Amino acid sequence: MSRWRAAPCRIFAAAASRNAAAESHVLSRACAKAPTVPPPPLQTLSRTFSKSAAAAAATSTATSRGPGAAAPASAGPRPEVRLNSMFLSKPCSLALPPDSPLRAADPQYEGIKRFMLTLLLFYSKQSKAIRGANVVYDRITYQVDAPAIYDVFQLEKTFKTTFSLLVLHMWLVLRRLKEEGKEGVKFGQLIYEMYNHDVELRVSKAGVNLLLTKWMKELEKIFYGNIVKYDAVISPEARQDDLVNVIWRNIYAEEGSEAMDAAAAPAVHALARYTRREATCLSLTGLISSTLTYKSINHILLE
């Protein structure tokens with residue numbers, strides 16, 4: 001494995017040696033939430049994933065009680081997550097319904113408040129785009145930090161896996177925004193700036209405060225390297241297994257491990273199907289970057 005792919009592992013190891021207490025906060029969300037958007041329920045995954053995620057979360061709760069602990073009287077048999085039957089449904093648009101309470105909306109002020117906010121360019125196109133990008137990135141981090149995604153895809157929650165999933169979901173969103181031309185690219189740049197700030201805070205909270213610039217440069221190279229790989233394996237010319245192999249190497253494989261672990265194969269294939277399905281669903285979704293549809297841009301990766 002190259003030193004770039006091993007960088008997240010080294011960051012996590014350095015964090016453990018410097019400050020063991022910081023490990024419990026490695027995955028804490030660093031970006032502030034959009035002021036008018038409440039924390040969304042676990043709808044950041046596809047419908048099929050949400051059902052399986054709930055089953056996996058229930059299983060995790062049952063096993064976390066420890067040996068000798070009595071199960072609740074109402075507890076039934078532990079649900080089973082059938083990875084081989086997940087993410088096979090027909091892709092569809094991820095747009096939120098018009099009456100969804102999760103739609104992002106600007107605060108509506110009247111009188112002197114609105115006048116002052118207008119003078120301060122609160123309602124300018126740039127300000128609306130920044131707030132919109134914050135909403136989209138907040139949805140991404142909520143999905144990446146959700147415990148259920150690790151339970152369903154059988155991932156240990158470490159800096160490496162969280163960073164790898166964050167890059168994967170950033171690629172999904174940026175790839176979709178490219179389809180919107182110049183406006184989409186500009187909007188994607190705003191999201192990327194929030195991503196950079198978030199990653200820097202995550203690395204710092206992991207306990208890596210020395211040589212932070214060096215680590216950020218390495219993670220930036222990993223980011224762009226993975227983006228190029230995902231673009232290549234999702235193209236029509238790519239083989240069906242190419243995406244599976246890239247996901248294995250980028251997210252699951254440990255340093256020095258190239259051959260896919262047979263025990264992890266169902267989860268890797270499920271994550272590949274999930275990735276393809278979400279990419280198609282995003283392509284079927286309406287404009288994301290346009291400020292005219294700002295109130296509905298928080299449909300990213302929601303269904």
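Side notes on the structure shown:
- In the range 237-282, GluC sites (Glu not before Pro) in a DSSP loop with at most 11 other beta-carbon atoms within 10 Å: Glu237, Glu254, Glu258
- Over the range 110-302, the reciprocal of the mean inverse Cα-Cα separation, the Kirkwood hydrodynamic radius, stands at 18.2 Å.
- Electrostatic tally near Leu121: other residues with Cβ closer than 14 Å to its Cβ, Lys and Arg +1, Asp and Glu -1, net +3.
- Projecting label points 7 angstrom from Cα along Cα→Cβ for Asp261 and Gln189 puts them 4.2 nm apart.
- Nearest-20 debye value, the range 110-302 charge dipole, Cβ charges on Lys, Arg, Asp, Glu: 820
- Restricting attention to the range 110-302, the count of lysine pairs at 8 or more positions apart or across chains with alpha carbons under 19 Å apart stands at 21.
- For the range 225-257, applying the loop criterion from DSSP together with a ceiling of 12 other beta carbons within 10 Å to the trypsin sites (Lys or Arg not before Pro) yields Arg239.
- These residues, Glu193, Glu183, Glu110, go from largest to smallest accessible area, 1.4 Å probe, as Glu110, Glu193, Glu183.
- Length-normalised contact order for the range 110-302 - Cα pairs under 8 Å, 6+ apart - percent: 33
- Charge dipole of the range 174-223 (Cα centre as origin; +1 on each Lys and Arg Cβ, -1 on each Asp and Glu Cβ, all else neutral): 120 debye, rounded to the nearest 20.
- Asp231 - accessible surface, heavy atoms, 1.4 Å probe, Å² rounded to 10: 60
- Ranking His269, His169, His197 from most to least accessible surface, computed with a 1.4 Å probe over the protein chains only, gives His197, His269, His169.
The values are calculated or read from the model by the stated rules, or taken from the named source; none is laboratory data. Because the structure is predicted, anything quoted here is derived from the model rather than measured. All Cβ positions, glycine included, derive from the backbone under ideal geometry; neighbour counts span all protein chains shown. Areas reflect the complete protein model, heavy atoms only, side chains present, ligands, DNA and RNA absent. Shrake-Rupley method; radii C 1.70, N 1.55, O 1.52, S 1.80 Å.
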